[in-house]
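We did not get these values from a lab; they are worked out from the coordinates using the rules stated. Bear in mind the structure is a predicted one, so any value in this text is a computation, not a measurement. When we count neighbours, we look across all protein chains shown, and the Cβ atoms used for this are built from the backbone with ideal geometry, even at glycine.
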Amino acid sequence: MSRVGNKPIPVPPKVHVAVDGNSVTVKGPKGELSRSVDQNMSISLQNDVLTVSRATDSRDHRSLHGFTRSVLANMIEGVDKGFRKNLELHGVGYRAQKSGDGLSIQVGFSHPVEITPPPGISFVTEAANQISVVGIDRELVGKVAAQIRAVRPPDPYLGKGIRYAGEQIRRKAGKAGKLGRKK
């Protein structure tokens, strides 16, 4: 029994959902998203409540049930409120600034790294060392944030690099034999 898949999805008043067979289109104040779902999942919209049900109780259908419900709930939340992923730059001289629609990051390389956003994604820089990836598609926001983080992942020895806001980095000790050794 899928606990996630059986939960109904309430549709806010500003959001319009259109179900056509196995394709779902969601329109809201922030934009429009459409997605095709598996043909074994049936989606019904009644009284501004979206429900997902599966055809059989096979293992594949059970795994798709909760996933499909989560994807549809994220689409509705995205066009209504949007998604934001915050990143922090830690290190001396590490900074980011907007250049047009794109982003220019200086993270210790001999050149700044230029990142251009895909359609539907925008960057916000609150401070020189903080970046926000904003968009309506949760999957795309997470993917772009992961690509930015991969430019300079956090170093476990020094803690420098690009990390998600609030991410804890497991620090490693440096060389142990250097401090307490007699000569």
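Some observations on this one:
- Here the stretch 121-155 and the stretch 43-107 have alpha carbon centers that stand 13 Å from each other.
- Of the trypsin sites (Lys or Arg not before Pro) found in the stretch 42-89, the ones in coil according to DSSP and having at most 15 other Cβ atoms within 10 Å of their Cβ are 81.
- Highest mean first, the peptides 45-51, 137-143 sorted by other C-beta atoms within 10 Å per residue fall in the order 137-143, 45-51.
- Stretch gain in nm, segment residue 36-residue 60, where the contour uses 0.36 nm per residue and the Cα spacing is subtracted: 6.9 nm
- Relative contact order of the chain, defined on C-alpha pairs under 8 angstrom at six or more residues apart (%): 17
- Electrostatic dipole magnitude of the stretch 9-80 [Cβ: Lys, Arg +1; Asp, Glu -1; Cα centre; debye, to 20]: 80
- Using alpha-carbon coordinates, inclination of helix 138-149 to the longest axis of the chain, degrees: 10
- Kirkwood-Stokes translational diffusion coefficient of the chain, alpha-carbon pairs, 4 °C, 1.567 mPa s, µm²/s: 67
- Using alpha-carbon coordinates, inclination of helix 59-80 to the longest axis of the chain, degrees: 80
- Added length on full extension, which subtracts the Cα-Cα distance from 0.36 nm per residue, residue 16 to residue 169: 50.9 nm
- Average silhouette area of the stretch 9-80, convex hull of alpha-carbon atoms, in square nanometres: 4.2
- Of the cross-linked pairs 7/81; 30/160; 81/172; 7/30, those separated by over 28 Å at the C-alpha level are 30/160; 81/172.
- Selected from 153, 117, 78, residue furthest toward positive end of dipole (the chain; charges at beta carbon): 153
- A Förster radius of 30 Å, combined with the Cβ-Cβ distance separating residue 146 from residue 176, puts the computed FRET efficiency at roughly 0.35.
- Look at the alpha carbon pairs under 8 Å that are at least 6 residues apart: their mean separation over the length of the stretch 83-164 gives a relative contact order of 36 percent.
- Given +1 at the Cβ of Lys and Arg, -1 at the Cβ of Asp and Glu and no other charges, the dipole of the chain around its Cα centre is 1600 debye to the nearest 20.
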